[in-house]
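Heads up, the thing below is written out as structure tokens.
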Amino acid sequence: MKLHFDVALCVRAKSKFSTCTKCMDAAKGIVELQENLPSFKAGTGIEAAACVGACPTEAFSLSDFSTTEFFFNFLDSKVRLISPKLNVPCISVLSVEHLISLALASEEPVVLDLASYEEGSSVLEIIRQRIEEANFILSAFSDKRLETNSDEETSIASNDQESAPSRREFLSNASLKGALKHKKAFDEAVEEGELQVFEIADDVIAKIKDKHLPNKRKILFTTLKHAGVPDTFEVLPEEEVSFTSQKFVDEGCTNCQICYRICPTGALSTDKKFSLIHFDAMLCVKCHLCHDVCEPDAIHLQPGYEIKEFFEPTQRTLAAFEIKRCHECGNPFTYTGGEQVCPRCMLEEEEAMILHENAKKRREGREE
Ligand code: SF4
Ligand code: SF4
Ligand code: SF4
């Protein structure tokens, strides 16, 4: 099982200003920055699984294991234990969104086998944090929770008479045939190698421009549609929700158009005249790119995340601009008052004035 990186999906490929380090933080010492892009040694596999679950845009994946397929196959099966001994290469491949969706979509409580991990290991810490976040968010609108087990419980679950046929059924599922193959591959030695350098080739550039909503977000969308709507909607602290956000734009915005052009998912958008900034919170993956590219630092995270957005997604208008045609060149531009001349023509006019003044001074000098 090998780690796969789709450079076109990485926000660092979209802009050199991106500060995203989620994959590197999750797989410390395995995924590193090389020429401003994540990099890892050829042959890296399961030991970097945590970066798969951490990447907001699903740029990382593991060969032969699809988190999306796992989600549906798990729900189809009767097994309610998620374990590296049974059905996942490592629990850390699952994102917080996956965990919330699994808990919501399952009628029986979902149990995560933490007993298979070494106490004190960084991967266990990451998995615990994700479970904690998922349960905290779930507590705002549902009584469902993810559960974890102890060593003893794991062995009971594995030997349980009831669960044995379910497990066979689970593993015999056609699309999970690969699971056993994966398990064998887990033990394969990892080839040592140099850090790979990923290039942004022409075909990658075309793909970079595409807006792409990760499958994990589509899964969450679908799951929430079937979940009961709470009577009241809570507002959670922004920092407690790692995978989506709500935003506002202040008066420093110059409508430079960069944030909504560069947003990888289409959460930020505009109209035909570029006269608005629209925002769909449920499409935002909190990659931070819009903040990183905003020169006047005009786009901000809202301090609270409104859970209402999960059940009644809205498109908010974060900013509206007056668009006028430039009296000089005829092109539309964001009008902020004063002369109806676009910034480019204004600049050209200023430069022409300076040249004219300099020429005048030279002429006057000669005449004296
Ligand atoms: S977008 Fe994904 S791959 Fe790119 S830097 Fe962020 S976490 Fe890493
Ligand atoms: S919020 Fe920032 S990046 Fe977006 S249009 Fe305004 S100035 Fe440009
Ligand atoms: S709105 Fe900003 S943080 Fe959200 S997905 Fe778009 S660029 Fe990333």
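Some observations on this one:
- Sole residue being on the phi < 0 side of the Ramachandran plot and touching a strand residue (DSSP E or B) at 6+ places or on another chain (Cβ under 8 Å), chosen from 236, 289: 236
- Residue tally, condition under 25 Å from residue 221 (Cα atoms), more than 12 Å from ligand 2 (Cβ to nearest atom), more than 12 Å from the chain's Cα centre (by Cα) and touching a residue at least 40 places away in the same chain (Cβ under 8 Å), over region 267-294: 0
- A residue that is closer than 28 Å to residue 71 by Cβ, in contact with a Cys (Cβ under 7 Å, 6 or more places away or on another chain) and surrounded by 14 or more Cβ atoms within 10 Å (Cβ to Cβ) cannot be found anywhere in region 250-260.
- Residue match in region 40-58 (condition: more than 16 Å from ligand 3 (Cβ to nearest atom), modelled with pLDDT of 95 or more and surrounded by fewer than 23 Cβ atoms within 10 Å (Cβ to Cβ)): no
- Count of region 303-318 residues which are surrounded by fewer than 19 Cβ atoms within 10 Å (Cβ to Cβ) and within 14 Å of ligand 2 (Cβ to nearest atom): 2
- Test: residue in region 74-86 that is crowded, with 21+ Cβ neighbours inside 10 Å and not hydrophobic (A, V, I, L, M, F, W, C): no
- Strands (runs of 3 or more DSSP E) completely within region 222-280 that count 3 or more residues being within 15 Å of ligand 3 (Cβ to nearest atom): 247-249, 276-280
- Residue 248 being farther than 23 Å from residue 333 by Cβ and more than 16 Å from ligand 2 (Cβ to nearest atom): no
- Residues that are more than 16 Å from ligand 2 (Cβ to nearest atom) and in contact (Cβ under 8 Å) with a residue 60 or more places away in the chain were ranked within region 12-37; the one that is farthest from residue 88 (Cα to Cα) is 35.
- Any chance residue 115 is farther than 29 Å from residue 141 by Cβ and within 16 Å of ligand 1 (Cβ to nearest atom): no
- Selection of region 305-344 for residues being closer than 19 Å to residue 225 by Cα and in a helix (DSSP H, G or I) yields 308, 309, 310, 311.
- Set 13, 26: member being within 16 Å of ligand 3 (Cβ to nearest atom), assigned by TED's automatic domain parsing to the domain that holds residue 129 and not hydroxyl-bearing (Ser, Thr, Tyr): 13
- Residue in region 328-335 that is at pLDDT below 95, of a type in the set (D, E, K, R) and either away from ligand 2 (no atom under 12 Å from the Cβ) or surrounded by fewer than 20 Cβ atoms within 10 Å (Cβ to Cβ) (or both) present: yes
- Filter pass, residue 199 being in a loop (DSSP other than H, G, I, E, B), of a type outside the set (Gly, Ala, Ser) and either at pLDDT 50 or above or not assigned by TED's automatic domain parsing to the domain that holds residue 33 (or both): yes
- Inclusion of residue 97 among residues that are surrounded by fewer than 23 Cβ atoms within 10 Å (Cβ to Cβ) and within 30 Å of residue 228 (Cα to Cα) is not warranted.
The values are calculated or read from the model by the stated rules, or taken from the named source; none is laboratory data. Keep in mind the model is a prediction, meaning the values are calculated, not measured. Reconstructed Cβ throughout: ideal geometry from the backbone, glycine too, with neighbour counts over all protein chains shown.
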